[in-house]
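**Q** Here it is, the structure in full.
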Amino acid sequence: MDMVPLNEQQRAAVEHGEGPLLIVAGAGTGKTRVIVERVGYLLSHVPGLRPENILALTFANKAAEQMRRRAVEQFGERARRCRFSTFHAFCYDLLREELPLRALDKIDQWIFLRRHLEELELDYYLKASEPGRFLHDLVEFCSQCHDNLVSPADYGRYVEELAIQSEQRAREGKPQPDGSEEEMARLREVARVYQKSEDLQKQENWLSFGAMISQAVFRLKESPELLHRLQRRYRYILVDEFQDTNAAQWALLKLLAGKRKNITVVGDDYQAIYRFRGAADGSLEQFEKEDFPNCQRIPLNRNYRSTKSILHVANEVAKKLASYLDEKKLNPAPDKTQDGAVEVVEFTDAEQQAEGVAAEIARRVESGEAEKYSDFAVLYRKHILRDPLVAALRRRDIPIAIRGLAVHNQPPVRDLVAYLRAIGHPEDNVSLARVLADPQWKLEPRQLVEYCRAASHGKTSLRATVEDENSAGWPGRSRLLELLGRYRRIAGLERLCAWLEALRRELGLVGPPPIYETALRAFLEFVAKWDKEKCSGGMLPEFLEYFAYFEEAGGVVALPEEEGAETAASVASLLHAQEAVVAEQLKLSEESANPAPLGRVQLLTVHAAKGLEFPHVFLFHLVQRAFPMPNRQPLISLPTALWARPLLRGDSHLEEERRLFYVGLTRAKRQLTLCTISNERQRPSRFLEELRGAKCPDLDWKQAGPKATAEPRRQRPAEEANPLPAETVSLSISQLETYLDCPLKYQYRYVWQIPLAPSAALLFGSILHGAVKELVRAIVAEPGTLHRETLEAILNRHWPKEGLPDKVQERKYREMGLRQLEGVWQVWSAEKFELLHQEKKFEFDWSGTKLVGRMDQINRVAPNEVELIEYKTGRPQTQKDADHSLQLTLYAEACRQALGLLPRSLVLFNLTTGERVRTSRTPEEFRDLEQKIGQTAGDILAGKFPAQPGYHCRYCDFRPICPAHEESAGSTG
């Protein structure tokens, strides 16, 4: 496109003289070219202007480097001295002139706060079973505050003003909202925690991403001399992706522009898709109508990328997008007018969708309709949606490149991390199990299972079992133990970075395929950056703690070329980045590491596709609740009154999802295919239904052909059949529910019996069940004689002497435990009941399967009738939970078969709230469970243990060895 002469609109934007300029640039209209050309125009036409007088700001490192590179290519070395930067890098550089600050991206900010959790003094917002859960929302809240220039003091004043207003209403006798006192306590906790988190970061010279911009603004307002120096230096300011700016960034720009007002902004409010990252609504409108009412506005609406039909569909979607502009339709370039319709293909399920897309890509390449695989991109709303597609493409040996791939989920990196954990944490049984499964140690799967079972039965660690001289040996045993022992001694003396590469080479963790070498190198670089910027001592235990938090926070170790989204390291590196550095990073990319003759199909999210274009685009899985995604409400958010700009009226989340859909449509150059699913459970996206209702003539609606039969999936070692097949099966409710959630987890936990340390939540549940049992006995034996000190004594007797590893959890759990015992005391002291059994064990045969378990409490309500009670320490169970509880159904059947008692009532006792939820069972429900147990037992006996990934994986102890959580970087081809 750059070879085509500038059109009239582009030329007017490039040759604009003095004063503010708003360029409204639609998708594919050449906005980057206009910015670069304007830099060259200014350098050649403004007398006395030096390159250092031009500042060009954008949001991504790669975008800044691309502008710099293109400017140098077109206008020579002189252009290299212009300042091309991201907002964050510019502000970080400015602030570091006075203080030796260190940058915190959002993941590292989460880790920092997690390490200081005790000092934050959380109360309402601390969940004992998951202490770090609130921190994601806290980090986002702090970022929102900084985006809107709201300091901790500002927010504190806002909360106290609300408190004064509430007290005033109370004095005047006006009704108060329900829970207003509790709500004020929550708001005060947020204000206190915001102030404390900022103080803690300041004490250690950390600077969060959110604070970089706001602190720079405050600094410039406090220092007129510094502001005037920057205003004299930067005579012309250019801003890309202006629609994504927030209030703090806009305040920075206005300060820098000063009286000259030589500021050019380029944006498209139809492509404003980063409100979730803090971007404000209405940036372009505020620029033109409020801040620079005399600015010149130039629209760029000639699209050089897409065909006429694609643009017609995009324009139809745009009709529902809010814009202050009356007309902003994209028009095709003269050579883009002839084309075919945009296809909408309805599939019957996710598997057919994946197979259909893979088959169509193969057909187009084989027929010559497409030249190469790299002409294709499949875009999806979130990463998890790609999994069936990846499998389908690999079955056809179609090369793929997955953007947003997590390096630390690559098999060799997971292997290396497992060795590090086995060295640093000898009690980590799951990691050692992965190490023992490494083929180089020649341990047979059967013997590995025998070791796991021996450790579980002996209540010892897997490491101790393997080291036991009386245990059976195998050829690689002594060499493995020597390696683990030797590196444990080294780890106690030297920094991790000093010996990690030696360990990698000794283990033989290198390619093929070459991408594995790339992934390992990226991980080593990640560790090196941690050693240089984020640690105190650099030793292995510190890294293992950091990396555990990193994974809990949702961090991703990316391939080098995908570090476009700024991280703490990337901000610092951009300050001194040269094109050679970027080129060297790109050499490590997947394409060069493992070339494919016809390139690779690109798989990426719609967000990641912003700014990119592809000849053939598939928008994948356009299904209700997948695209648009449901709106998740955070635990805390910045009140509307404190936003620096007014929020959009109506459903701002749906509006942003529709803009994201528009962005996806406008990535396509030649062919666009929209994929959806229609069946009893899934319906097409509302965005597709809107297009159907508009009777858009450029859409060709199709039903997918007959479902293709997929080739059998290649089995992975960790999914092989159980090496020790069972002859009979015995099930507890925990085992049954585990298998139904994930058969592979059942295999690891109950067949292989890999020993696990109990989680804090499980340990607390065990403590409370024991304490409740003693308390209920005491209520029956000594009614009216108990007091609060008695409850404390009971809790102390059941609390482990060594306490819980996490002291924040221990404090919270102790508070919860005492409250829950008080609730049990109040309930059972207030009514008469006949206690029949506590922790009653049972065992019975049901249709050939042995069922075992233990019931918390059974009360007699009639000579042969009982009430069955199960205590729950976690999330309060609802009536729906009770009605569908497999546990209560099984225990009711156990009462009938094993105890000869008739369960009149089944009760879930919520210890958190003190509420009891009652239910009963019908004969049909017993038959349903009997059938489910028979099917489960049969599958277990048949050795069927497939992975069943889902939301529950988040808390699974076996993630480090589960093949469902290993990603491949597309080494096919």
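The values are calculated or read from the model by the stated rules, or taken from the named source; none is laboratory data. Keep in mind the model is a prediction, meaning the values are calculated, not measured. A quick note on method: Cβ atoms are made from the backbone with ideal geometry, for glycine too, and the neighbour counts reach across all protein chains shown.
**Q** Just for the range 221-247: of the residues that are hydrophobic (A, V, I, L, M, F, W, C) and under 28 Å from residue 33 (Cβ atoms), which one is nearest to the chain's Cα centre (by Cα)? If you could, list the steps in order and put the result at the bottom.
**A** First, pick out the residues of the range 221-247 that are hydrophobic (A, V, I, L, M, F, W, C): 226-227, 230, 237-239, 242, 247.
If we keep only those that are under 28 Å from residue 33 (Cβ atoms) too, we end up with 230, 237-239, 242.
On the way: 230: 38, 237: 35, 238: 33, 239: 29, 242: 26 Å.
Among them, the one singled out is 242.
**Q** Give the residue that is nearest to residue 47 (Cα to Cα), with candidates limited to residues of the range 212-240 that are among the β-branched types (Val, Ile, Thr) and part of a helix (DSSP H, G or I).
**A** We begin by selecting, within the range 212-240, every residue among the β-branched types (Val, Ile, Thr); these are 213, 217, 237, 239.
So of that shortlist, the ones also part of a helix (DSSP H, G or I) come out as 213, 217.
Numbers: 213: 32, 217: 30 Å.
Selected residue: 217.
**Q** Determine, yes or no, whether residue 868 is over 30 Å from residue 757 (Cβ atoms), touching a Cys at 6+ places or on another chain (Cβ under 8 Å), at pLDDT 95 or above and not charged (D, E, K, R).
**A** Values: over 30 Å from residue 757 (Cβ atoms): yes; touching a Cys at 6+ places or on another chain (Cβ under 8 Å): yes; at pLDDT 95 or above: yes; not charged (D, E, K, R): yes.
Yes.
**Q** Somewhere in the range 704-718, is a residue outside any loop (DSSP other than H, G, I, E, B) and modelled with pLDDT under 90?
**A** Within the range 704-718, one or more residues are outside any loop (DSSP other than H, G, I, E, B) and modelled with pLDDT under 90.
**Q** Are there helices (runs of 4 or more DSSP H) fully within the range 731-792 with at least 2 residues that are closer than 28 Å to residue 832 by Cβ and touching a residue at least 60 places away in the same chain (Cβ under 8 Å)? List them. Can you show your working first?
**A** Details: elements: 733-741, 743-746, 760-781.
In the range 731-792, the matching helices (runs of 4 or more DSSP H) lie at 760-781.
**Q** Quick check on my filter: what residues within the range 470-511 are buried (at least 16 other Cβ atoms within 10 Å of the Cβ) and of a type in the set (Ser, Thr, Tyr)?
**A** 471, 487
**Q** May I pose another question? Can you name the residue in the range 637-691 that is without any contact (Cβ under 8 Å) to a residue 60 or more places away in the chain and assigned to a helix (DSSP H, G or I) and is also surrounded by the fewest Cβ atoms within 10 Å (Cβ to Cβ) among such residues?
**A** That would be 640.
**Q** While we're looking at this one, here's another question. List the residue pairs whose Cβ atoms are under 9 Å apart, where the first residue sits in the range 156-175 and is among the charged types (D, E, K, R), the second is loosely packed, with under 14 Cβ neighbours inside 10 Å, and the two are 6 or more positions apart or on different chains.
**A** Filtered contacts from the range 156-175: 169/175; 169/176; 174/168.
**Q** Among the residues that make up the range 795-811, is at least one of them surrounded by fewer than 14 Cβ atoms within 10 Å (Cβ to Cβ), within 28 Å of residue 886 (Cα to Cα) and modelled with pLDDT of 90 or more? I'd like the intermediate steps shown before the answer.
**A** To start, the set of residues in the range 795-811 that are surrounded by fewer than 14 Cβ atoms within 10 Å (Cβ to Cβ) comprises 796-797, 800-803, 805, 807.
Within this subset, residues satisfying the condition of being within 28 Å of residue 886 (Cα to Cα) are none.
The answer is no, given that none of the residues of the range 795-811 is surrounded by fewer than 14 Cβ atoms within 10 Å (Cβ to Cβ), within 28 Å of residue 886 (Cα to Cα) and modelled with pLDDT of 90 or more.
**Q** Here's another thing I want to ask about it. Can you give me the ranges of the helices (runs of 4 or more DSSP H) entirely in the range 330-445 with at least 1 residues that are over 20 Å from residue 603 (Cα atoms), in contact with an Asp or Glu (Cβ under 7 Å, 6 or more places away or on another chain) and among the hydrophobic types (A, V, I, L, M, F, W, C)?
**A** Numbers: elements: 350-367, 387-395, 411-424, 429-436.
So the answer is 411-424, 429-436.
**Q** Residue under question is residue 136, and the condition is that it be surrounded by fewer than 21 Cβ atoms within 10 Å (Cβ to Cβ), part of a helix (DSSP H, G or I) and either at pLDDT below 90 or not β-branched (Val, Ile, Thr) (or both); does it hold?
**A** yes
**Q** Which residue out of 462, 420, 432, 416 is at pLDDT 90 or above, crowded, with 19+ Cβ neighbours inside 10 Å, more than 28 Å from the chain's Cα centre (by Cα) and more than 30 Å from residue 354 (Cβ to Cβ)? Step through it out loud before you land on a result.
**A** Working: 420 fails: more than 28 Å from the chain's Cα centre (by Cα); 432 fails: more than 28 Å from the chain's Cα centre (by Cα); 416 fails: more than 28 Å from the chain's Cα centre (by Cα).
It is 462.
**Q** Out of all the residues in the range 185-229, which are free of Cβ contacts under 8 Å to residues at least 60 places away in the same chain and within 17 Å of residue 121 (Cβ to Cβ)?
**A** The answer is 187, 188, 191, 194, 195, 198, 199, 203.
**Q** Could you run through the range 498-526 and say how many residues are under 17 Å from residue 102 (Cα atoms) and free of Cβ contacts under 8 Å to residues at least 40 places away in the same chain?
**A** 0
**Q** What number goes with the only condition from (1) surrounded by fewer than 16 Cβ atoms within 10 Å (Cβ to Cβ); (2) at pLDDT 90 or above; (3) more than 19 Å from residue 204 (Cβ to Cβ); (4) not small (Gly, Ala, Ser) that residue 527 does not pass?
**A** The one condition residue 527 does not meet is (1).
**Q** Determine the pairs where a residue that is in contact (Cβ under 8 Å) with a residue 24 or more places away in the chain, located within the range 455-475, has a partner that is outside any loop (DSSP other than H, G, I, E, B) and of a type in the set (Lys, Arg) with Cβ atoms under 9 Å apart, the partner being 6 or more residues away or on another chain.
**A** Going by the 9 Å Cβ cut-off, the qualifying pairs are 455/463; 466/477.
**Q** Which of (1) crowded, with 17+ Cβ neighbours inside 10 Å; (2) part of a helix (DSSP H, G or I) does residue 29 not meet, given it meets every other one?
**A** (2)
**Q** May I pose another question? Just to be sure I understand, how many residues within the range 457-480 are of a type outside the set (S, T, N, Q) and not in a loop (DSSP other than H, G, I, E, B)?
**A** Step one: of the range 457-480, the residues of a type outside the set (S, T, N, Q) are 457-459, 462-464, 466-469, 472-477, 479-480.
So of that shortlist, the ones also not in a loop (DSSP other than H, G, I, E, B) come out as 457-458, 462-464, 466-467, 477, 479-480.
Selection size over the range 457-480: 10.
**Q** Being in a helix (DSSP H, G or I) and in contact (Cβ under 8 Å) with a residue 40 or more places away in the chain is the requirement here; does residue 936 meet it?
**A** Working: in a helix (DSSP H, G or I): yes; in contact (Cβ under 8 Å) with a residue 40 or more places away in the chain: yes.
Here the answer is yes, as residue 936 does meet what is asked.
**Q** If you go through the range 752-793 one residue at a time, how many are within 24 Å of residue 962 (Cβ to Cβ) and buried (at least 21 other Cβ atoms within 10 Å of the Cβ)?
**A** 3
**Q** Go through 77, 98, 52 for me and flag whichever is acidic (Asp, Glu), over 31 Å from the mean Cα position of the chain (by Cα), on the phi < 0 side of the Ramachandran plot and modelled with pLDDT of 95 or more. Give the steps one after another, and end with the answer.
**A** On the way: 77 fails: modelled with pLDDT of 95 or more; 98 fails: modelled with pLDDT of 95 or more.
Answer to the selection: 52.
**Q** If you don't mind, there's one more thing I want to ask. So, residue 777, is that one in contact with a Leu (Cβ under 8 Å, 6 or more places away or on another chain) and within 21 Å of residue 856 (Cβ to Cβ) or not?
**A** Values: in contact with a Leu (Cβ under 8 Å, 6 or more places away or on another chain): yes; within 21 Å of residue 856 (Cβ to Cβ): yes.
Yes; evaluated as a whole, the condition is true for this residue.
**Q** If you don't mind, another one. Scan the range 922-933 for residues that are without any contact (Cβ under 8 Å) to a residue 60 or more places away in the chain and buried (at least 17 other Cβ atoms within 10 Å of the Cβ) and jot them down.
**A** Pass one, the range 922-933, residues without any contact (Cβ under 8 Å) to a residue 60 or more places away in the chain: 922-929, 931.
The answer is 925, 929.
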